[in-house]
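A short worksheet on the structure shown next.
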Amino acid sequence: MSIVVRDVREHELDSVLALNNAAGPAILPLDSNRLQYFFERAEYFRVAERDGTLAGFLIGMGDASDHDSSNFRWFRERYSEFFYIDRIVVASRRRGGGVGRAFYADAQSYAELRYPQMACEILLQGGTDPVMLFHGTFGFQEVGQHVMPETGLRASMLLKPMCSYEWVRDTYGRNLPAEPWIHTPRTATRARATGTDA
């Protein structure tokens with residue numbers, strides 16, 4: 001069956017939280033307050049559906065975000081323009097089925113229109129070789145390592161150039177065409193479950 005990648009909906013946050021916290025040691029745990037923070041502030045917060053069920057999610061921030069992650073700050077201290085992937089989680093039963101690749105293809109098509117590079121990190125714990133290989137096949141390269149003060153965990157800091165960015169910037173600037181496939185950044189104002197705007 002096909003994989004559908006789309007913006008998260010607020011009523012799905014409990015399912016997203018459960019997916020995150022079942023992902024294992026490669027993903028930092030979340031609580032509902034932290035997830036709400038991402039829902040309200042993330043520029044990119046999309047889920048994948050496969051066979052009608054939630055198969056994973058990806059959260060991303062632009063370099064101008066006020067994101068408080070020490071890994072995000074590490075990149076901001078060294079690079080002026082980038083799109084940062086805070087986390088990607090794929091349900092264990094869906095791993096190896098193309099969901100991660102669908103997410104990265106979607107995130108890249110979003111980022112390359114707006115940013116010259118895409119950044120992420122991998123926690124360096126046992127069994128990270130498949131994750132490093134996965135990112136390497138997408139063109140990410142390690143640009144340093146960072147020990148997160150909040151956890152003491154070491155992360156491999158990865159960066160990937162967005163080859164199309166310069167042409168898009170020189171051709172369109174910030175005035176991208178209004179095409180259906182060019183999804184717009186999320187905003188902090190969200191329609192609530194009651195149907196009213198906050």
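The values are calculated or read from the model by the stated rules, or taken from the named source; none is laboratory data. Given the structure is predicted, the values throughout are model-derived calculations rather than measurements. All Cβ positions, even for glycine, are placed from backbone atoms using ideal geometry, and neighbour counts span all protein chains on display. Only protein heavy atoms, including side chains, enter the accessible area calculation; ligands, DNA and RNA are left aside. Shrake-Rupley method; radii C 1.70, N 1.55, O 1.52, S 1.80 Å.
Taking Ala23, is it farther than 29 Å from Trp181 by Cα and open to solvent by 30 Å² or more (accessible area, probe 1.4 Å)? Criteria not met by Ala23.
Inspect segment 30-48 for any residue being within 21 Å of Val147 (Cα to Cα) and crowded, with 19+ Cβ neighbours inside 10 Å and give the result as yes or no. Looking through segment 30-48, at least one residue is within 21 Å of Val147 (Cα to Cα) and crowded, with 19+ Cβ neighbours inside 10 Å. Inspection of segment 48-64 finds a residue satisfying the criterion of being farther than 20 Å from Arg186 by Cβ and either hydroxyl-bearing (Ser, Thr, Tyr) or without any contact (Cβ under 8 Å) to a residue 24 or more places away in the chain (or both).
Which number in (1) hydrophobic (A, V, I, L, M, F, W, C); (2) at pLDDT below 90; (3) open to solvent by 40 Å² or more (accessible area, probe 1.4 Å) marks the one condition that Ala64 misses? Only one criterion is unmet by Ala64, namely (2).
The set of residues in segment 95-121 being in contact with a helix residue (DSSP H, G or I) (Cβ under 8 Å, 6 or more places away or on another chain) and at pLDDT below 90 consists of Gly100 alone. Listed conditions (1) touching a helix residue (DSSP H, G or I) at 6+ places or on another chain (Cβ under 6 Å); (2) modelled with pLDDT of 95 or more are all met by Glu142, apart from (1).
If the condition is being over 17 Å from Leu35 (Cβ atoms), surrounded by fewer than 21 Cβ atoms within 10 Å (Cβ to Cβ) and at pLDDT 90 or above, then segment 78-94 contributes Arg78, Tyr79, Ser80, Glu81.
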